[in-house]
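Colleague: Before I ask anything, here is the structure I am working with.
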Amino acid sequence: MTVELSIEADVRPARYATRQPVLAVDGTVIGYKLIFRTDVVSHFSELGIDNSGSAAIEMSTLLSLDTLCDHRMAFIDCNRDVLLQHGLALLPPEKVVAEIDSSVAIDDAIYQVCCDMKNDGYRIALGDFSPGDPREPIAHLADFVLVDLQRTQWDDIPRILGTDRWRHSGLVATSVETRDEMEFARKAGFQFFQGNFFRQPESLRSRTALTNRTVYLRLLQAVSQPELDWNSIEALLKSDATIYYRFMRFVNSAGLGIRCEVRSVRQALGLLGDNEIRRWCRLAGMFEMSKGQPGELLLSALTRARFAELLCKRIEHDNADLFLLGLLTMMDTILEIPMEAIVDGLSLDRASRIFLLEHEGPLRPIFELVFAVESGMWNSVVEWCGRLGVKEDYAAECYSSAIAWAQSIIASL
């Protein structure tokens, strides 16, 4: 189960991307909005020029669009230069949505490029569409029309959407920040949604965890103890048929390399060792407890946990378990219960408890960097990298590795 990705001290600057899911009404992720910069320095700096097309090509050689977007569509910003230079030509058409920037003036050259892209199988999206939009000449080519809820007067939205105008286009509400905005957009006629509401969903209500979720939470508590109580862990694994089956299937998988057939939980515990037991229980617990929530939540939680774990190799962290802490930062959202209820009963060090409950203490700078990278807040990334003494290219490499690792784990569960 352990996937180690080597990160050398003197890696070349990693081509870097941040992403945000585009979801349908039912919570299905149809694709990801990707934001690229040509290198880490410009990516983390206001001075960098957004060059999404060429950076996407370079990034795809590092991680591939399937890895970046989990085999879904990639929404990639395209300015005038990217379009005229055919910047997306080396990317697979069936994977790419060319999101044409609102600043692009539509002349004969741009019109022809857009027609050629459509003929080649690329999808086209019009970003930040507004009343009287200058991209009207190519509106009939649009597969998606994006409307920014924070930049658009809501009274204008019925006029933008029209009655039957976009019957061949998907309508995407972007910058959705709250549940009220989500409900407004849905009632207005949008079929797809993107924004921080989905990336960092608000806690809607408290609810009692279902039985299997309770078992997984108790299992997470058990493997958080400094010394594992194998009797307790064995009892928990045997208490739920799904957990027991999943664990035994994992232990007997060919990839684990155990040569003998494992027939009991006690035998498996002895063969795996404490570290591997902790890792499996945490990952399997996250997988199970996230059921009923958008898959993006689980992927985000695993990416965050792995990212923090990789960073800790070069950052002082008071021996805190940053992988576990990364998972726990999203557990209240996944279970929809208060963080206090999550922390109670867990054997956590003082610094971890302070951070989870108060968002303060010595571990805060590490996760401020994690949150800044996730959100694409480049100025903050530079600031926190400086405070922690970490190079920006190392942070970018860690994040890229964490994405690939999280996807490989989800595929194996």
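Colleague: What lysines sit close enough to Lys238 to cross-link, taking a C-alpha to C-alpha distance under 28 Å and skipping anything fewer than 8 places away on the same chain?
Modeller: Lys291
Colleague: Can you tally the net charge around Tyr111? Count Lys and Arg as +1, Asp and Glu as -1, for every other residue whose Cβ sits under 13 Å from the Cβ of Tyr111.
Modeller: -1
Colleague: May I ask you to derive the FRET efficiency for Gln225 and Glu360 from their Cβ-Cβ distance with R0 = 25 Å, giving the value to the nearest 0.05?
Modeller: The formula returns an efficiency of 0.50 here.
Colleague: How would Phe307, Phe323 line up from fewest to most surrounding beta-carbon atoms within 10 angstrom? Could the numbers behind the result be given before it?
Modeller: Details: Phe307 28, Phe323 21.
Fewest-to-most Cβ neighbours within 10 Å comes out as Phe323, Phe307.
Colleague: Another question, then. Kindly flag which residue pairs out of Lys33/Lys187; Lys118/Lys391; Lys95/Lys313; Lys33/Lys313; Lys118/Lys187 have an alpha-carbon separation exceeding 32 Å in this structure.
Modeller: Where the Cα-Cα span goes over 32 Å, the pairs concerned are Lys118/Lys391; Lys95/Lys313.
Colleague: Determine the gain in length on full extension of the stretch Glu383-Asp349; use 0.36 nm per residue of separation and subtract their C-alpha separation, reporting nm with one decimal.
Modeller: 9.6 nm
Where a number appears in this text, it was derived from the coordinates with a stated rule and is not lab data. Note that the structure is predicted; figures quoted are calculated from it, not measured. Please note: Cβ atoms are built from the backbone with ideal geometry, for glycine as well, and neighbour counts cover all protein chains shown.
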